[in-house]
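**Student:** Quick one: the structure is below, and I'll ask about it shortly.
Taken together, the values in this text are just the output of simple stated rules run on the coordinates, not laboratory data. Treat the numbers as computed from the prediction; the structure is a model and nothing was measured. Positions of Cβ are backbone-derived with ideal geometry, glycine not excepted, and every protein chain shown enters the neighbour counts.
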DNA sequence: CCTACCGATCGGTAGG
DNA sequence: CCTACCGATCGGTAGG
């Protein structure tokens, strides 16, 4: 028997649940998560699991929140030390790719997967993801602005276009890793990003 | 009462089921499809629905097969008339983007969504998707080879890298349409592709 | 955090 | 292609 535990222990259990949910959700999707499966995996009862959140949706939101926090701590977090502009942005994408590639257990980017999963399902989960993605876009945009101001990029750079293309590369890396198990995914991603950031919208020839 | 119908009628019903499944599956995912929901939507019984396929997985496979067939008829299909190489490849991507963008009802590319959904779930569905994607990659690779041979691209072009980047752009278009409802998604995609195919791996400066 | 339980829905079958 | 039904599992609650 393990009846009501201390606040500290309860918080630790909550963390364990979210941790496990991040792993299971990466495989079966966030919607494919079930309280029963989660409980069995953790050696707990269903009531013990859901008691920490109230509803399945609240659990899902807690999982997404945790994923957002980890992404932020890791990707923009590790780029903080770099000089604003291209250097910081390169560092951030480098970090994102490393984050997606390194861990044999947690491969790919959870947020990216969930973003695709909920792209057609309105609701609070989709809203949280949209907010997180908008913040990331703002971040990338701000660094590109910085780069233009510092003269690292041409004054007529189409910044939203670059944001779009950089996002596409991250998606390509994710697919290459998860779907194709392509060991060169990280390299291809880095090369593509370097190419875009070094020679953007070459207005050299043509109109 | 609508008891056993003719072979023709049965085939028509089967098509109706798949058509509806393509719509529902685009929203809730292929795994989120339920026979009960499908039956209610079509005004049939569950047994009437599943009877055409046997199992849910067989139904899902039929849906994926149909999606693959539509993609092929539409995208490489409409590029058949174009000259091999860059012209045909541009036409194909142009067609893909149009296909994702045009229809208010069926937005995005079903196969792309399902590819993400099953990227971590081994089984026959994933296998079919992998095969379809491999065929598409081969197609793109062949046209790029053609382009190099014809002198449309530099002899030292890194073809797998281009395939990777072109795929990323398609993914970016899909996300911009479905998640962000970005009306400029198609334009951004076209511009990105034009940029890659016109000035690939600019070996001009540097080592 | 557990046992015991709820109504609803799941995929699927029997039989016509 | 339907009715009627099956065991299993879903999310969630009551009560301790």
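**Student:** Give the number of residues within the range B:104-128 that are farther than 14 Å from residue B:30 by Cα and either under 14 Å from the mean Cα position of the chain (by Cα) or touching a residue at least 40 places away in the same chain (Cβ under 8 Å) (or both).
**Tutor:** Summing the residues that are farther than 14 Å from residue B:30 by Cα and either under 14 Å from the mean Cα position of the chain (by Cα) or touching a residue at least 40 places away in the same chain (Cβ under 8 Å) (or both) in the range B:104-128 gives 4.
**Student:** Quick one: how many residues across the range B:74-88 are without any contact (Cβ under 8 Å) to a residue 60 or more places away in the chain and either within 16 Å of DNA strand C (Cβ to nearest atom) or assigned to a loop (DSSP other than H, G, I, E, B) (or both)?
**Tutor:** Total satisfying the criteria: 4.
**Student:** Give the range B:20-47 a look and list any residue that's more than 10 Å from DNA strand C (Cβ to nearest atom), under 18 Å from residue B:114 (Cβ atoms) and either more than 22 Å from the chain's Cα centre (by Cα) or in contact (Cβ under 8 Å) with a residue 12 or more places away in the chain (or both), or say none.
**Tutor:** Passing the criteria: B:20, B:21, B:22, B:23, B:24, B:25, B:26, B:29, B:30.
**Student:** With the checklist (1) more than 13 Å from DNA strand C (Cβ to nearest atom); (2) touching a helix residue (DSSP H, G or I) at 6+ places or on another chain (Cβ under 7 Å); (3) within 14 Å of residue A:21 (Cβ to Cβ) in hand, flag the one item residue A:70 doesn't pass.
**Tutor:** (2)
**Student:** Further question: Can you pull out the helices (runs of 4 or more DSSP H) entirely within the range B:7-73 that have at least 2 residues that are within 14 Å of another protein chain (Cβ to nearest Cβ)?
**Tutor:** Working: elements: B:7-28, B:35-42, B:46-50.
Correct list: B:7-28.
**Student:** Quick test for you: out of B:85, B:81, pick the one residue that is more than 14 Å from DNA strand D (Cβ to nearest atom), closer than 25 Å to residue B:136 by Cα and surrounded by fewer than 20 Cβ atoms within 10 Å (Cβ to Cβ). Give the steps one after another, and end with the answer.
**Tutor:** Details: B:85 fails: surrounded by fewer than 20 Cβ atoms within 10 Å (Cβ to Cβ).
The conditions single out B:81.
**Student:** Of A:153, A:133, A:144, which residue is under 27 Å from residue A:87 (Cβ atoms), crowded, with 22+ Cβ neighbours inside 10 Å and without any contact (Cβ under 8 Å) to a residue 60 or more places away in the chain? Full working, then the answer.
**Tutor:** On the way: A:153 fails: without any contact (Cβ under 8 Å) to a residue 60 or more places away in the chain; A:133 fails: crowded, with 22+ Cβ neighbours inside 10 Å.
Step by step, each of A:153, A:133, A:144 is checked, and only A:144 is under 27 Å from residue A:87 (Cβ atoms), crowded, with 22+ Cβ neighbours inside 10 Å and without any contact (Cβ under 8 Å) to a residue 60 or more places away in the chain.
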